[in-house]
Amino acid sequence: MTTDGTPTPAALLPALRTSVELLLASATALGDGDVRAPSLLEGWSRAHVLTHVARSADSRCRLLAAARTGADVPQYADEAHREREIEAGADRPAAELAKDLGTALHRFLEAAADHPEDAWDVPVRWLGGGLRPVRGAVGSMLREVEVHHTDLRTGHLPADWPPSFVARELTATAAELGGRVDAPGLVLHAEDGGAPPYRTGDGNGPRVMGRQADLLGWLTGRTAGEGLKVDPPGPLPAVPAWRS
């Protein structure tokens, strides 16, 4: 653990390795027709999702290299470059997509495992996030792998996300919503895990209750909120689009 109680990159690597192998098992089971089917992400096929995760791994390898060498290498040149990479790779056959994904993810795992301990706090240029320590590369890669595995629509649901990952991401997502002016006032109560209620907006809205994974799946737009309860009774409030 770090001084603020968050897991170190090394502590997150075993979970990431497991998540990577589960994603690769799903990816390699897809045929050429399967990868053209829609994903959960509007306008993206499964092939887009697989390409995106592979290029996300490459981008984090660039950040690790920048931290090690001191080179001024950004995660991506810009958002347009990121989008071009995804579109350029999405037309490939299923076997090529899966091979590329495996190569990119294993390359990142190796780079993260070999990263010098004293270089994790080096600031690097994240897309849209400015200069931030490179230590976020491992945790954010775990987020990419878990959430986009669900986006593939191959049966990997929020209930399958690792509990430790869910607890961290629910806290981070609630905190991010708490700082957004477009977020409704909510009190989020996780019925498992023992965490105190999370408040968003002005914190004076309805109480939304359920398991941590169900809450996170809903807040990230990966479910419609099945399994959640609202007090006072009524429909689930509309929440703004999730920003990973």
Self-check item: Unit charges on C-beta of K, R, D, E only; dipole of the stretch 1-130, Debye
Solution: 160 debye
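Can you pull the Rg over Rh of the chain, Cα-only, Kirkwood?
Numbers: Rg = 18.4 Å, Rh = 18.9 Å.
Radius of gyration over Kirkwood radius for the chain works out to 0.97.
Give, as a single signed number, the net charge of other residues whose beta carbon lies under 14 Å from the beta carbon of Arg125, with Lys and Arg counted +1 and Asp and Glu -1. Before the final figure, lay out each step's value.
Numbers: positive: Arg60, Arg62, Arg82, Arg132; negative: Asp72, Asp78, Glu79.
Here the charged neighbours net out to +1.
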Quiz item: If contacts are Cα pairs under 8 angstrom and at least 6 residues apart, what is the relative contact order of the chain in percent?
Solution: 17 percent
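List the GluC sites (Glu not before Pro) in the stretch 176-231 that DSSP assigns to loop (not H, G, I, E or B) and whose Cβ has at most 16 other Cβ atoms within 10 Å. Which are they? If you can, show how the numbers build up before the last one.
Values: sites: Glu176, Glu191, Glu226; in loops: Glu191, Glu226.
Those that pass, being in a loop and sparsely packed, are Glu191, Glu226.
Any idea what the relative contact order of the stretch 32-120 is, in percent, if you count C-alpha pairs under 8 Å spaced at least 6 apart? Present the calculation step by step, with values, prior to reporting the outcome.
Values: 83 pairs, mean separation 33.5, N = 89.
Relative CO of the stretch 32-120 lands at 38 percent.
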Quiz item: Check Glu191: other-chain or 5+ apart residues with amide H under 5 Å from its amide H, H built from backbone geometry?
Solution: Gly210, Arg211, Gln212
Quiz item: What residues qualify as long-range amide H neighbours of Ser45, i.e. H under 5 Å apart, gap of 5 or more or another chain, H built at 1.01 Å from N?
Solution: Ser39
Quiz prompt | Over the stretch 20-73, equivalent-ellipsoid semi-axes from the Cα gyration tensor in Å | solution = 29, 13, 7
Quiz item: Among Thr69, Thr150, Thr171, which one shows the biggest mean-square fluctuation in a GNM of the chain, springs joining Cα atoms closer than 10 Å?
Solution: Thr69
Quiz item: Looking at the stretch 1-89, which GluC sites (Glu not before Pro) are DSSP coil and have at most 12 other C-beta atoms within 10 Å of their C-beta?
Solution: Glu42
Quiz prompt | Angle in degrees between helix 136-151 and the longest Cα principal axis of the chain, rounded to the nearest 10 | solution = 70 degrees
Practice problem: Taking all pairs of distinct Cα atoms, average 1/r, flip it, and tell me the Kirkwood hydrodynamic radius of the stretch 113-244 in Å to one decimal place. | Solution: 15.9 Å
Quiz item: Summing -39500 (n - 2.57) over the DSSP H runs of n ≥ 4 in the chain and dividing by its residue number, what mean residue ellipticity at 222 nm do you reach, to the nearest 500 deg cm²/dmol?
Solution: -15500 deg cm²/dmol
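Every number here is computed from the coordinates shown, using simple stated rules; none is lab data. From a predicted model like this one, the values you see are computed outputs, not experimental measurements. Note that each Cβ is placed from the backbone with ideal geometry, even for glycine, and that neighbours are counted across all protein chains shown.
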